Amino acid sequence: MRERERRPMAAAGSHCCELGEHRSPHFRWAAEPVSAKENDRLVAIAHPNAAVSLLNFSAGAVDQSAPFGFSWGPVDKVPRSSLATRDENITRLTYFRDRLPPNELRDTEEIVLEVCKNEGLQQIIWISRLLSETEERDRVQAILAEGMRRYGEPEISEQGVVNWSAGRTLLARGSDERGLYRIVMVSTGPGYDSCSAEHMSVSGHFLTDHWMKFLPNNGTR
């Protein structure tokens, strides 16, 4: 398959652009300084227990609530990102530490919002910093306990990916050659499947490939 050109749409600090070409009519870039309300979202994102916070929303079939104060589907605006890129039918907003409150970032490396051309916001990815074995075990135990409290026993794949289908939330982890670990948590919206199918048709891969790349050694332990 011919490699498609992928161009950055905007970076932090650049002027916003009305998303006329995006066809998600209610979504626009936040050009102004981050508002108090938007900063509250960033504080929520950067909470030390941010991974557990991905479990803290109702996951009913028609519910539009998403983690960190967002809503699935078209959104009016989002906090200004560190990097914004277009990948076929996806607009990817990446928040590095420069866009998150520094005092509450103990375990967070970055957060990614994926906004679909037609379905709006449909995937939120939380990536931990590299953790020691003890840190990783403690964090994972806390996440598993909260997930089972809310959604019951998860499904676990052969690769060790933990999936709460009732909560549209999964947990994956991997380690590198130095013995350091990374946790990735993913939350998806009700329009995720159709968005991912469209992405597959134009790019040759599903949206799952986007979060798997954050795992050291592709999730091997």
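The values are calculated or read from the model by the stated rules, or taken from the named source; none is laboratory data. Since we're looking at a predicted model, the values are computed, not measured. When we count neighbours, we look across all protein chains shown, and the Cβ atoms used for this are built from the backbone with ideal geometry, even at glycine.
Consider only pairs whose beta carbons are under 7 Å apart and that are at least six residues apart or on different chains; among these, list those whose first residue lies in the range 112-134 and is more than 17 Å from Arg173 (Cα to Cα) and whose second residue is assigned to a strand (DSSP E or B) and of a type in the set (D, E, K, R).
Qualifying pairs under 7 Å: Glu114/Arg92; Gln122/Glu114; Gln123/Glu114.
Step by step: first the residues of the range 66-111, then only those that are of a type in the set (A, V, I, L, M, F, W, C) and in contact (Cβ under 8 Å) with a residue 60 or more places away in the chain, then the one that is farthest from Ser196 (Cα to Cα). Which residue is that? So that I can check it myself, show each step before the final result.
Applying the first criterion (of a type in the set (A, V, I, L, M, F, W, C)) to the range 66-111 yields 66, 68, 70, 72, 75, 78, 83-84, 90, 93, 96, 100, 105, 111.
Subset that is in contact (Cβ under 8 Å) with a residue 60 or more places away in the chain: 66, 72, 83-84, 90, 111.
On the way: Ala66: 18, Trp72: 15, Leu83: 21, Ala84: 19, Ile90: 9, Ile111: 19 Å.
Result: Leu83.
Picking from Leu171, Leu144, which residue would you name as being in contact (Cβ under 8 Å) with a residue 24 or more places away in the chain, more than 19 Å from His210 (Cβ to Cβ) and surrounded by 13 or more Cβ atoms within 10 Å (Cβ to Cβ)?
Leu144
Select, from Arg139, Arg129, Arg150, the only residue that is surrounded by 14 or more Cβ atoms within 10 Å (Cβ to Cβ), at pLDDT below 95 and in contact with a Lys or Arg (Cβ under 8 Å, 6 or more places away or on another chain).
Within the list Arg139, Arg129, Arg150, the selection yields Arg129.
State all residues of the range 113-126 that are closer than 16 Å to Phe214 by Cβ and either surrounded by fewer than 20 Cβ atoms within 10 Å (Cβ to Cβ) or not aliphatic (A, V, I, L, M) (or both); if no residue qualifies, say none. Step through it out loud before you land on a result.
From the range 113-126, those closer than 16 Å to Phe214 by Cβ are 113-114, 123-126; that's our starting set.
Hits for the range 113-126 are Glu114, Gln123, Trp126.
Can you run down the residue pairs with Cβ atoms below 9 Å, 6 or more apart or on separate chains, where the first is in the range 181-202 and among the aromatic types (Phe, Trp, Tyr) and the partner is part of a strand (DSSP E or B)?
Within 9 Å, the pairs are Tyr181/Ser128; Tyr181/Leu131; Tyr181/Arg173; Tyr181/Gly174; Tyr181/Ser175; Tyr192/Cys116; Tyr192/Gln122; Tyr192/Gln123.
Among the residues of the range 59-79, are any of a type in the set (A, V, I, L, M), at pLDDT 75 or above, crowded, with 18+ Cβ neighbours inside 10 Å and under 20 Å from Gly147 (Cα atoms)?
Yes.
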